[in-house]
Amino acid sequence: MKSHAQAVVIGGGVVGCSVLYHLTKLGWKDVVLIERSELTSGSTWHAAGGFHTINGDPQVAKLQSYTIDLYKEIEEISGQSTGFHLTEGVFLAATPERLELLKVMQSQEKLLGIETELLTPKEAEKILPIMDPKEFLGALWTPLHGHLDPSGTTHAYAKAAKLGGAEIYLRNRVTDLQQNPDGTWTVITEQGTMQADHVVNAGGLWAREVGRMVGLELPVLAMEHMYLITEDMPEVAEINKSTGKEVLHVVDPDGEIYMRQERQGMLMGTYEKACVPWSPKETPWDFGHELLQEDIDRIAPSLEVGFRHFPPFQRAGIKQIINGPFTFAPDGNPLVGPVRGLKNYWCACGVMAGFSQGGGVGLALSNWMINGDPGFDIWGMDVSRYGDWTTMAYTNARVRENYSRRFKVRFPNEELTAARPLRTTPIYERQKAMNAVFGVAYGMEQALWYAPKGMKPVENITFLRSNAFPHIKAECQTVRNGVGLADISSFAKYEITGPGAESWLSHMLANKMPRQGRLTLSPMLNEKGKVIGDFTVGKLADEQFFIFGSGAGEAYHMRWFESHLPEDGSVTIKAHGLGLVGLTIAGPKAREVLAQLTDADVSHDAIKFLDFKKMELGMVPAMVGRVSFTGDLGYELWVKPEFHPRLFDDILTAGADYGIKLFGSRAMRSMSLEKGFGSWATEYRPIYGPYAAAMGRFVDMKKNDFIGREAAMKELQDGPAKRLVTFTLKAKEIDVMGNEPIYRDGKTVGYVTSGMYAHHADKSVAMGYIPAEMAEEFSEDIFRVEVFGEMLPATILSEPLFDPKAERMRG
Ligand SMILES: Cc1cc2nc3c(=O)[nH]c(=O)nc-3n(C[C@H](O)[C@H](O)[C@H](O)COP(=O)(O)OP(=O)(O)OC[C@H]3O[C@@H](n4cnc5c(N)ncnc54)[C@H](O)[C@@H]3O)c2cc1C
């Protein structure tokens, strides 16, 4: 074994081998992979080997499409067959909701440039004669669907990587990792130690244990998973003969089943509700090429449906049942990228669909390691979407829920229930008593909306407008016509202090720094000039700044901030989490309510738009910023958690004469859409520059030194290729959920980032990116947005729906 490598990949499953291959492909030759046993010795060897492009997150779907395209390439380079069978496939619908979802899947595939076809059950039966058309309502035919040989594929990656210069050490377990003072790693293995500039955790079934070597508790858990293989079936032979092709790959989500041809029989796998985690606390190091005990009773309910949906199975003999473990993150998507606070430690784990996603994971991670950026928007797979609150018990509950719902219809307004409540603010019980309907973001409970007294605080899950609609409308009207109160503790709050705070922040953020007692809004850019954050920045005192941003981005942003801190200790940054909590009052009467809480002068001249100061509100010490995401007159009030209930009660008392009412995050979003405000991870993403994202006015080009300036200047000079715009839609009873295609003259020109009903304006609204040259085509209805297969006429707004001159906000 050599003594030093640029990168050591730990784990020789399909994911580790893909990472190794991509590192060599992108130019790193001095890379090694260390495998405990033989290649494929984790979950890879017993996989069913199926692949397709479908994913709820279109950015992940794009990487799946890349993965499938890659198989030819690695076969050609390595000379090793992957056993690639592009059989094409069908997704079946047995319920009306599923049929609606097939339309959504079809439009998402269009965004990838993939043409699919919606079929009636009779049409579907023609291409899949083993199905019973009476059991279904429709089907979606997809071309990029098939299966391969898991072992052949892994070896093809490995051989291609070796040809690119990589070395692979087998039968050699990594037993520990120690970080050296310069940020490089000592990799301790059974066969000796190696120095590595970078290490990659591609430990698959042992990713948790490889995480624990460096003090990390990664949110991954292995689940048992079963599929069966039938004896030869005459119906299969008949299909092969009459079509000259294999049986199509099938996903029957309502039956919780997937299947494909295996030799002359069929392979049928299930995601059963009564699922079982495997080795929930610790994965044994001596687990090798063995299978788990099959449990036919557990999958019997799914098989029963399967046998009814596909009658030839009733006559087929079962040759073998495979039960093997594989890992999941709580939301079922991979955990990829660098880890906050751990220099040169990279994750490529939690990959539950290694043969659909492994290539994309390898490419994104290698890009990131070599070029400092994944090269795509991989927020949906970024390990930083979870914070340090993901305990083992949390992960266990969420993964089990995710597995058992793998094929369930997920409605856009549906909130999952496992592992809740976990993170709550001090006013949670009060909100609950006031009939809040809660959702969860970054593990934290937040009030979505409030049901009126006497109504059960439950939202019916639907693709249409739900029972919440009139109540969210009422909340918006309360704010727009009077005053509302909301909890804003879910924002991320960072405090930056020290003699170097101002110059460091100014280097990190694109806008000029606020004067003391003021706020500014600022995007944060990466070196490529792309938006990686949007913040409100406040200067409270000399050498003391607060910045506020997306709660879900906390670990993502802290990873970036901390990796850019000067080493001389002149700057300190702290993420307050729920150590600092907030409330906002907003609406034309907000000032009057604030005046009731303090003796201080709160007149327009005393607290101007974007002022930021310490104040005493009743008995509570607070920081007050005059700004509101509602786009109305409003104040954000930040306090220590022990004061949260007191301030909440005092505001409600003070606001009683002004008709104050509570509002939730749905009303907040509805109102911010009326102003055309975007949000992190939907509108503001690391694939768009500030001018594309309509944030140009928050970039201070006069400032010579901030990250991404040069690239942003180029975007300004050349003009952005895409632009973020806001549309109104002619929608009747259904609004966008995000990721719908936008059309102009019958051609796809963009996609929706987010949207909902703008209640005060009484319009259905969607935001999205389109080619810049179309961004000012304001004529009515010249665009179309495809929502559940319906082409809704769409019009670009030339100015915000609410308060276009910002008189309310600034007044
Ligand atoms: C029954 C079943 C059916 C499946 N069907 C499909 C399917 O149809 N399509 C699909 O895409 N996916 C399927 N999967 C999932 C697929 O198997 C996984 O997505 C994939 O195997 C993940 O690969 P990996 O490389 O991340 O992990 P693993 O395959 O678990 O590989 C990890 C490797 O790391 C090694 N390792 C760990 N720790 C160390 C250490 N400290 N030192 C050295 N080596 C170490 C292990 O020995 C192992 O070889 C299925 C899984 C199962 C169980």
Rounded, prolate or oblate (a/c below 1.5 giving rounded, otherwise prolate when a/b exceeds b/c) for region 1-111 by Cα gyration tensor: prolate
Region 578-701: relative contact order as a whole-number percent, Cα under 8 Å and 6+ apart: 25
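Can you give the relative contact order of the chain as a percent, counting alpha carbon pairs under 8 Å and 6+ residues apart? Mind showing how you got there, number by number?
Working: 1880 pairs, mean separation 93.0, N = 811.
Result for the chain is 11 percent.
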Reference-scaled alpha-carbon Rg (2.2 N^0.38 Å with N residues) for region 542-607: 1.59
Zero-based 10 Å bins, Cα pair distances in region 1-57, whole percents: 21, 41, 29, 8, 1
Alpha-carbon spread of the chain, three principal axes, descending order, Å: 83, 64, 51
Which of 26, 792 has the fewest Cβ neighbours within 10 Å, and the rest in rising order: 26, 792
Intensity falloff of region 301-403 expressed as log10 I(q)/I(0), Debye formula with alpha-carbon point scatterers, at q = 0.11, 0.19, 0.24 Å⁻¹: -0.50, -0.97, -1.29
Efficiency of FRET from Cβ geometry, residue 180 and residue 238, R₀ 45 Å, rounded to 0.05: 0.10
Most positive-pole-ward Cα, 729, 74, 426, against dipole of the chain from beta carbon charges: 426
Residue 456 paired with residue 434, simple spin-label distance in nm, labels 7 Å along Cα-to-beta-carbon: 2.4
Rounded to 10°, Cα long-axis angle of helix 14-25 versus longest principal axis of the chain: 80
Residues 599, 232, 373, 252 arranged by fewest to most Cβ contacts within 10 Å: 599, 232, 373, 252
Shape of region 669-717, Cα gyration tensor, a/c cut at 1.5: prolate
Expected 222 nm ellipticity per residue - DSSP helices of 4 or more, -39500 (n - 2.57), all of the chain, to 500: -8000 deg cm²/dmol
Point-charge dipole on Cβ atoms (K/R +1, D/E -1) for region 561-678, about Cα centre, debye to 20: 380
Leading residue at positive end of dipole, the chain (Cβ point charges), from 296, 449, 499: 499
Overall Cα dimensions of region 219-304 - principal axes, largest extent first, Å: 51, 29, 24
Fraction of the pair-distance distribution of region 537-670 above 28 Å, Cα-Cα pairs, percent: 21
Per-selection Kirkwood Rh - region 709-811 (Cα, Å, 1 d.p.): 14.5
Cα-only Debye scattering, region 477-524: base-10 log of I(q)/I(0) at q = 0.26, 0.29 Å⁻¹: -1.05, -1.17
Between helix 58-78 and the chain: long-axis angle, C-alpha atoms, 0 to 90°, nearest 10: 40
Kirkwood-Stokes translational diffusion coefficient of region 455-594, alpha-carbon pairs, 4 °C, 1.567 mPa s, µm²/s: 74
Percent of Cα-Cα distances greater than 22 Å, calculated over region 645-775: 50
Geometric extent, Cα atoms of region 182-242 - Rg, Dmax (angstrom): 22.0, 65
Whether region 505-579 is rounded, prolate or oblate, judged on the alpha carbon gyration tensor where a/c under 1.5 counts as rounded: rounded
Fewest-first sequence of 349, 275 by Cβ atoms within 10 Å of each Cβ: 275, 349
Compactness of region 636-690 as Cα Rg over 2.2 N^0.38 Å, two decimals: 1.60
0 to 90° range, to nearest 10: angle between helix 150-163 axis and the chain longest Cα axis: 80
Base-10 log of normalised Debye intensity for region 620-663 (one unit scatterer per alpha-carbon) at q = 0.15, 0.18, 0.23, 0.27 Å⁻¹: -0.42, -0.61, -0.95, -1.14
Gap separating the Cα centres of region 82-159 and region 638-700, nearest whole Å: 41
Ratio Rg/Rh [Cα only; Rh per Kirkwood] for region 61-204: 1.17
Kirkwood Rh and Cα Rg combined as Rg over Rh, evaluated for region 136-261: 1.13
Rel. contact order, % - alpha carbon contacts under 8 angstrom, at least six apart, region 11-124: 16
Distance-filtered residues of region 737-779 - backbone nitrogen under 18 Å, label point 7 angstrom along residue 481 Cα→Cβ: 758-763
Kirkwood Rh, Cα atoms: Rg over Rh of region 33-83: 1.03
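Bear in mind these aren't lab numbers, they're just calculated from the coordinates by the rules spelled out. Here the structure is a predicted model, which means the values were calculated and not measured. Cβ: placed from backbone, ideal geometry, glycine included. Neighbour counts: every protein chain shown.
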